[in-house]
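Here is the structure we will look at, set down as structure tokens.
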Amino acid sequence: MARPPRAAFVTLLASTLCLGLAGGASAVPVSAPAVLAPAAPEGAAPTTAGVQKALAGVLADPSLGKHRGVYVYDVDRGKVVFSTGTATPYTPASTLKLLTTVSALAALGPEHRFTTKVVSAGKGSIVLVGGGDPLLTAKPSAQDYPTRATLAALAASTAKALKAQGVTSVTLGYDASLFTGPAGNAKWEPNYLPEGIAARTSALWVDQGRLSKGMSKRADSPSQAAAVAFSKLLVANGVKVAGAAKPKIAPAGAAALAKVASPTVGQIVEYVNLHSDNDGAEVLLRQVGLATKNGGSYTGGVTGLEETLTKLGLNVGKAQIYDGSGLARSNKVPLDLLAGAVRVAASKDHPELRHLLTGLPIAGFSGSLEDRFGSGSAGPGTGLVRAKTGTLTGVHSLAGMVRTRSGTLLAFAVASDSVPVPKTLDARAALDRAAAALANCGC
């Protein structure tokens, strides 16, 4: 999906700010001086009393229900500024993606790519092997950002390699064995898979298992659907495919005839957080499981996520995590852990985590915040708040970062998981006002 022009500009500007603010960014070449000098805190530091006063009106809003809280951390000075309602964890909804994506960056590295390949399995036999690319698509599109690996390119390269060997007819197998365990999460609502709210997670799929690009209906077997699509593309490139594609484990050490690489993990993380991509988050969770040697199931991914967060200095002791997307209502996460993912990504000690910051939606401009912060007392947060949203029925959360009027970088998380359904929009607006109050706080 192409970025709107104003969103692209603000993303570039804010990304420059994030990197400069947080420290640890790559040096700017002498031939291309920075447009803006790194920001630094000026004036008085935010105080507990000042932040409490700025948020008092919002926190008293009855639309937020009984279980509401906020956590605010001064990144520049390394201390908690304000915290209330944080004694018990919250259902995070999609703000959980902050934990999944920061773990993917830490465990895999921001430059890592996932490879989809075709290998030889004997004379006239090939196997399509999934590498767990969450953004693999059938054909290229100018609207896609980041640029994705395509089955069309893989089929063209495969056909070329086969013809060079004098092969014009093959049997096709497909291997999705990189991921293990159930394709759906046991903690999800029963309608999620049938209605296409979530895909059956697979190491081999095209367009996230959608039967039609952009539509919600998903294939019962995403790997088989990908193989069928690949078979048709091979035929279009002059290679006959005998019979139907069948599941098959690729021979160990088999030579690759052709391969395509995904966008970098950093780019995928930005995409997942900007668009709150549930399917991409679930794939990244399993990749974390593999990278930490806990296996490619969702349970292995959760174990790997918790180990990775612990290594980053985040306390997961009070958290209950069951998936990577936040779709499971049984997830329970403390607000300081959600804000902590932002805090460590902004740390000068972890430049490899910066994509977590640069991929956050910008209030009023991009991603899941494009249509928010537009008016009223939330309006002053437009362009200043960068945050991940979280929404389930009765659950609303927002976690990210702002820079105050005095120049201090704050990581924050604000949430309620007790919102009366008729008050849904009011509660969402209250969270926006809270973030805007922090951004415009001279406190």
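Scanning the range 75-119 for residues being more than 20 Å from TYR322 (Cα to Cα) and either in contact with a strand residue (DSSP E or B) (Cβ under 9 Å, 6 or more places away or on another chain) or outside any loop (DSSP other than H, G, I, E, B) (or both) gives a total of 19. Of the residues making up the range 255-289, those that are buried (at least 17 other Cβ atoms within 10 Å of the Cβ) and either at positive phi or of a type in the set (Gly, Ala, Ser) (or both) are ALA258, SER262, GLY266, SER276, GLY280, ALA281, GLY289.
If you filter the range 83-105 down to residues that are of a type in the set (A, V, I, L, M, F, W, C) and surrounded by 24 or more Cβ atoms within 10 Å (Cβ to Cβ), you find that the one that is farthest from the chain's Cα centre (by Cα) is ALA93. Taken over the range 351-368, the criterion of being closer than 15 Å to ALA436 by Cα and at pLDDT below 95 is satisfied by ALA363, GLY364, PHE365.
Here GLY301, GLY313 are screened, and the one residue that is within 18 Å of the chain's Cα centre (by Cα) and not basic (Lys, Arg) is GLY301.
Assess whether SER223 counts as being closer than 27 Å to ALA156 by Cβ and not in a loop (DSSP other than H, G, I, E, B).
Answer is yes for this residue.
Checked against the criterion of being more than 30 Å from ALA328 (Cβ to Cβ), touching a strand residue (DSSP E or B) at 6+ places or on another chain (Cβ under 7 Å) and either in a loop (DSSP other than H, G, I, E, B) or touching a residue at least 60 places away in the same chain (Cβ under 8 Å) (or both), the candidates ALA252, ALA153, ALA159 yield just one match: ALA153. Among the criteria (1) modelled with pLDDT under 95; (2) touching a His at 6+ places or on another chain (Cβ under 6 Å), the one VAL269 does not fulfil is (1). Residues in the range 382-431 that are under 24 Å from THR358 (Cα atoms) and of a type outside the set (Phe, Trp, Tyr): 32 in all.
The rows are residues; the columns are (1) of a type in the set (Asp, Glu); (2) within 23 Å of ASP277 (Cβ to Cβ); (3) without any contact (Cβ under 8 Å) to a residue 24 or more places away in the chain.
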site	(1), (2), (3)
GLU307	yes, no, yes
THR310	no, no, yes
GLY317	no, no, yes
TYR322	no, yes, no
ARG329	no, yes, no
PRO334	no, no, no
GLY340	no, yes, no
ALA346	no, yes, no
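Exactly one residue out of LEU384, LEU410 is among the aliphatic types (A, V, I, L, M) and more than 25 Å from THR91 (Cβ to Cβ): that is LEU384.
The set of residues in the range 55-74 being surrounded by 22 or more Cβ atoms within 10 Å (Cβ to Cβ) and out of contact with any Leu (no Cβ under 7 Å at 6 or more places or on another chain) consists of LEU55, VAL58, LEU64. The residues on offer are THR393, THR389, THR408, THR382, and the sole one that is among the hydroxyl-bearing types (Ser, Thr, Tyr), assigned by TED's automatic domain parsing to the domain that holds ASN278, at pLDDT below 95 and within 24 Å of the chain's Cα centre (by Cα) is THR382. When we screen ALA319, ALA261 for residues that are more than 15 Å from the chain's Cα centre (by Cα) and more than 18 Å from LEU337 (Cβ to Cβ), the only hit is ALA261. In the range 283-296, the count of residues that are of a type in the set (S, T, N, Q), more than 18 Å from the chain's Cα centre (by Cα) and under 20 Å from ALA183 (Cβ atoms) is one or more.
The values are calculated or read from the model by the stated rules, or taken from the named source; none is laboratory data. Note that this is a predicted model, so its numbers are computed, not measured. A quick note on method: Cβ atoms are made from the backbone with ideal geometry, for glycine too, and the neighbour counts reach across all protein chains shown.
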